[in-house]
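Engineer: Quick one: structure below, then a few questions.
Derivation of every value follows stated rules applied to the coordinates shown; laboratory data play no part. Bear in mind that the values here come from a model prediction, so they are computed numbers and not experimental data. When we count neighbours, we look across all protein chains shown, and the Cβ atoms used for this are built from the backbone with ideal geometry, even at glycine.
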């Protein structure tokens with residue numbers, strides 16, 4: 001059976017190789033810290049289960065320190081682009097390969113879908129081909145990337161030794177932002193364990209909210225703001241709904257819980273659009289698109305988010321109290 | 001009820017306001033929160049480690065990078081650009097609106113993995129949209145081009161967020177149901193998903209409305225650029241140096 005563990009090993013391998021190549025790159029003034037960062041991250045991903053959790057935690061803090069103090073710097077990759085001949089050579093290759101270039105890229109979502117929808121039931125030698133349950137989508141994604149990689153090698157007739165270099169090139173483009181979503185998830189668990197949620201709920205419960213409008217505003221704005229602080233609406237939802245939603249809106253004013261739940265969560269999403277804490281949606285894409293302003297995606301989203309927030313507050317007021 | 005753990009929240013808010021490096025801010029906040037909650041250091045480190053291991057899957061997008069990198073080296077973005085240039089009646093605004101529609105609809109039926117920032121926006125949507133804009137308006141100023149790229153990523157997020165909450169088996173719907181169940185209120189997933197529809201429609205109208213005004217804005221920005229005596233140089237399609245350090 002193809003387990004999630006194998007996919008994690010693949011992931012760790014990609015990171016470790018990026019680390020090794022990074023250390024060897026003499027054009028990079030920070031090659032040891034950069035290479036070391038990716039290498040350690042890859043080690044943790046691959047072998048973390050075998051290490052004592054406290055050690056893993058310490059290394060995670062070390063990684064955050066290295067990256068936070070500017071230790072992760074991408075090289076200029078001059079040597080790579082010169083061997084391809086630069087953008088003219090790329091245009092020539094693009095002309096030759098045409099739509100075949102799209103085919104491996106599209107294989108990623110297609111194979112993931114195939115895995116999730118179909119292969120889950122396939123059995124080989126009496127056991128399932130893919131690990132089931134929640135891991136299914138992730139295992140399918142892993143297998144899909146492998147398949148797409150094989151297709152890409154076939155289409156471009158490139159040597160497999162090129163692969164780690166290209167992976168490293170894109171990783172360098174993203175830089176330390178790659179670790180941010182993971183670190184934020186870790187922070188979320190620390191918050192939960194420390195009781196931050198209940199502390200906020202107790203503060204919020206002290207607000208005077210007799211009028212329906214005040215209650216709706218408090219709930220909606222509370223969801224959006226707390227989502228902006230926590231970085232994801234799932235973490236904010238239980239806290240704010242427990243603090244304002246249930247006692248004030250549902251019990252005091254008789255709101256419909258289904259409406260409150262749905263529109264409330266979506267109001268939280270408006271917050272997600274505006275916060276750097278939602279790193280995998282806002283910060284990592286800015287790095288992926290090589291935008292000098294790491295908040296550029298957030299700035300592009302703010303008008304939509306604010307207008308939608310206002311619309312949601314109105315929807316909540318109108319729909320929840322039929 | 002101890003309010004000391006809220007110090008960690010304050011660190012986060014302060015850190016982001018002061019534009020400190022986010023990784024440092026989050027790491028410091030974890031430690032501060034743990035200490036404020038009187039957790040012993042070893043226990044805090046173990047908690048960090050376990051949370052890391054549990055959330056490793058958030059790095060899985062990295063597996064798409066070698067494939068995309070390899071294809072880019074052989075001109076994936078150039079091909080996407082050329083394809084757009086050969087089409088008639090394609091504009092940045094229409095392209096993004098089409099993408100928004102497809103993204104939102106496919107997310108509604110649960111096909112959220114069909115697109116994404118690494119596999120769709122960077123290699124395909126962004127170069128195609130820039131090409132379409134320059135085809136219609138001529139060379140754009142640097143700031144304008146970067147804003148357009150950011151808008152591509154923004155469009156992906158809006159389409160995803162406000163489509164996936166309508167999907168019955170989606171985590172958000174189930175989370176809401178489980179939460180209310182724990183508090184004595186029974187709801188069906190369908191009830192919850194249905195009330196997401198008004199917001200989804202509003203999200204589409206609002207964002208598509210902004211995209212409708214995009215062409216006028218690009219026209220304005222392009223004419224400002226051509227009023228200048230020199231045309232600004234193109235940003236190379238080679239990799240940059242990642243997010244600027246604070």
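Engineer: I need A:6, A:317, A:219, B:99 ordered by Cβ neighbour count within 10 Å, fewest first.
Structural biologist: Working: A:6 14, A:317 17, A:219 27, B:99 22.
Taking fewest neighbouring Cβ atoms as first place, the list is A:6, A:317, B:99, A:219.
Engineer: What value in Å³ per residue do you get for the convex hull of the alpha-carbon atoms in the protein assembly as shown?
Structural biologist: Values: hull volume 90.4 nm³, N = 568.
Cα-based convex hull of the protein assembly as shown, divided per residue, equals 159 Å³.
Engineer: Would you mind checking the radius of gyration and Dmax of the stretch A:250-297 based on alpha-carbon positions, in Å?
Structural biologist: Radius of gyration, then largest Cα-Cα span, for the stretch A:250-297: 16.1, 50 Å.
Engineer: While we're here: Ranked by Cβ crowding within 10 angstrom, fewest neighbours first, how are A:8, B:71, A:47 ordered? Write out the running numbers ahead of the final one.
Structural biologist: Numbers: A:8 22, B:71 28, A:47 13.
The order, fewest Cβ neighbours first, is A:47, A:8, B:71.
Engineer: Kindly express, to the nearest 10 degrees and within the range 0 to 90, the angle between helix B:171-182's C-alpha long axis and the longest C-alpha principal axis of chain B.
Structural biologist: Between the helix axis and the principal axis of chain B, the angle is about 20 degrees.
Engineer: Using 7 Å Cα-to-Cβ label points, what is the residue B:181/residue A:29 separation (nm, one decimal)?
Structural biologist: 5.7 nm
Engineer: Angle, helix B:142-164 long axis vs. longest principal axis of chain B, Cα atoms, 0 to 90°, nearest 10?
Structural biologist: Computed tilt is about 50 degrees.
Engineer: Run the quick spin-label model on residue A:9 and residue B:38: label points 7 Å from Cα toward the beta carbon, then report their separation in nm to one decimal.
Structural biologist: Label-label distance for residue A:9 and residue B:38, simple model: 4.6 nm.
Engineer: Any chance you could run the full-extension gain for residue B:217 through residue B:109? It's 0.36 nm times the residue separation minus the Cα-Cα distance, nm to one decimal. Don't skip to the end; give the middle numbers.
Structural biologist: Numbers: separation 108, 0.36 × 108 = 38.88 nm, distance 3.36 nm.
Result for the pair: 35.5 nm of gain on full extension.
Engineer: Still on this model: What's the Cα-based Rg to Rh of the stretch A:140-192, Rh via Kirkwood? Write down the numbers at each step before the final one.
Structural biologist: Values: Rg = 16.0 Å, Rh = 13.5 Å.
Here the Rg-to-Rh quotient is 1.18.
Engineer: Relative to the longest principal Cα axis of chain B, at what angle does helix B:126-137 sit, 0 to 90 degrees, rounded to 10?
Structural biologist: Value to nearest ten degrees: 40.
Engineer: So what's the stretch B:1-128 giving for Cα Rg divided by 2.2 N^0.38 Å, two decimals? If you can, show how the numbers build up before the last one.
Structural biologist: Values: Rg = 21.8 Å, N = 128, 2.2 N^0.38 = 13.9 Å.
Expressed relative to 2.2 N^0.38 Å, the Cα Rg reads 1.56.
Engineer: Just the ratio, please: alpha-carbon radius of gyration of chain B over 2.2 N^0.38 Å, N its number of residues.
Structural biologist: The value comes to 1.26.
Engineer: For B:130, A:322, what's the fewest-to-most ordering of other Cβ within 10 Å of each Cβ?
Structural biologist: On the way: B:130 24, A:322 8.
Going from sparsest to densest Cβ surroundings: A:322, B:130.
Engineer: Still on this structure: With viscosity set to 1.002 mPa s at 20 °C, what whole-number translational diffusion coefficient in µm²/s follows for chain A from Stokes-Einstein and a Kirkwood radius over Cα pairs?
Structural biologist: Taking Rh from Cα pairs, D becomes 94 µm²/s.
Engineer: Which value does Rg/Rh take for the stretch A:1-68 over its C-alpha atoms, Rh per Kirkwood?
Structural biologist: Details: Rg = 12.9 Å, Rh = 12.5 Å.
We get a ratio of 1.04 for the stretch A:1-68.
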